[in-house]
Amino acid sequence: MDKKVSRAALFDALNAYQVPGTSASLVTLKAVKGMDVAEGRVRVSLQLLDAYQDREKVIRQNLEEILGKQDGVASVAVDIAWEKSPQVEFKNLLPTVKHAIVVGSGKGGVGKSTVAANLAVAAAKLGLKVGLLDADLYGPSMGMMFGVGGDEGPVGTPEGKIIPLEKFGIKLMSMAFLIDEDRPVIWRGPMLNKALTQFLGDVLWGDLDILFMDLPPGTGDIQISLIQNAKVGGAIVVSTPQDVAFLDAKKAIGMFGTVKVPILGVIENMSSFLCPACGAETQIFGHGGVKAAAARMELPFLGEVPIDLAIREGGDSGTPLVEAFPDSPQGKAFMDMARSLRETLGL
Ligand SMILES: Nc1ncnc2c1ncn2[C@@H]1O[C@H](COP(=O)(O)OP(=O)(O)O)[C@@H](O)[C@H]1O
Ligand SMILES: [Mg+2]
């Protein structure tokens, strides 16, 4: 009882405490406003956003326990002043876009960009006003997929806004249009984050029914910040049929769950192989695994895209397959997916 109370130890314990359900500690929230210690009685005052008020009981219990354990502490009292949260936590940088939709996957190389490009063009063929943003700064590919050549590029306005390109009936913008192709991307973390969100608000998309966003693969801060600042209304997840790939897709699905973005559909890409010579279908990676996994997770399944030479060639030559061959079986698969997406969105 007569052990000395260490104020420094109390502050350390207090500062390190994280508000439940967040990764924010009291020190990062600048929440600790004062502490009185008298004869083993500790009284702390905190100021917290009222967004955390639903956790008040747990916060009190946790702090009483943590501080109560410190040497010489006889009692703990916690005063909390609730501060009003700002009205809008995230800006809506895309006020003229009806539905911002991200196309995601847990990892690269599964055909995310290919699917995004073909779905976007397919949706435009249905008469929708469509935009496509290549936000995959580390592996931008829309320039190539849409055959954007040397002197073609977005135009800047005197006000510092950017007018997107128009190709195959869609408005197109890529971070890559603004950076030097020969220079490696050295932006990291917060800088990249800032660049992306600023960029998002500077593009003059005009009225759009759907803006597809091709995200960088993975499930980190950049994806989350983009999703929140763009008020993303839904996600499409692309996976290949191998189980390992769907494991990656599950990470993306988990991330969309965390930020409360509904999954509009899961797509199995590179589903089976159509032999261009004989027309036979070969199940290289197995087939149907993604559909089954989506069903188990009660997620809508949007469709399957076979492995097809024309899809790869279309991507490399600058004309998405659905533009070049809308009536091919593969083209029809994209048109069907766009139709069901239109229905889901009520457009
Ligand atoms: N269904 C498909 N059939 C044939 N090639 C495909 C198919 N989907 C994607 N590809 C090719 O695979 C490569 C990777 O696709 P991409 O869309 O760039 O993947 P991601 O964006 O997920 O990294 C590209 O060369 C693309 O043309
Ligand atoms: Mg890509």
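All of the numbers you see were taken from the coordinates with simple rules; none came from a lab. This one's a predicted model, so the numbers in the text were calculated from it and none came from an experiment. In this analysis, Cβ positions are derived from the backbone assuming ideal geometry, glycine residues included, and neighbour counts consider all displayed protein chains.
One table, with the values for the structure above:
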| item | result |
| --- | --- |
| Those lysines that a straight Cα-Cα span of less than 21 Å connects to residue 30, excepting residues fewer than 8 apart in one chain | 57, 84 |
| For residue 284, residues with placed amide H under 5 Å, excluding near neighbours | 273 |
| Charged-residue dipole, Cβ positions (Lys, Arg, Asp, Glu), the chain about Cα centre, Debye nearest 20 | 1000 debye |
| Of 279, 40, 127, the one that fluctuates the most in a GNM where the chain has Cα springs shorter than 10 Å | 40 |
| For region 96-119 and region 199-236, distance of Cα centres in Å | 10 Å |
| C-alpha center-to-center spacing [region 244-311, region 317-331] in angstrom | 19 Å |
| Listed residue pairs exceeding 23 Å between alpha carbons, taken from 129/161; 112/251; 167/231 | 167/231 |
| Longest DSSP-loop-exposure-free segment, chymotrypsin sites (Phe, Trp or Tyr not before Pro), the chain, at most 14 other Cβ within 10 Å | 139-347 |
| Loop sites in region 31-75: GluC sites (Glu not before Pro), DSSP, at most 11 other Cβ within 10 Å | 39 |
| Summed side-chain charge close to residue 7 - residues other than residue 7 whose Cβ falls under 12 Å, Lys, Arg +1, Asp, Glu -1 | -2 |
| Helix axis angle, 7-16 relative to the chain longest principal axis, alpha carbon, degrees | 20 degrees |
| The chain - mean residue ellipticity at 222 nm from DSSP helices (-39,500 (n - 2.57) per run, n ≥ 4, rounded to 500) | -10000 deg cm²/dmol |
| Equivalent ellipsoid, the chain (semi-axes from 5 times Cα gyration tensor eigenvalues, Å) | 49, 24, 17 |
| Over 26 Å [Cα-Cα, region 224-334], rounded percent | 28 percent |
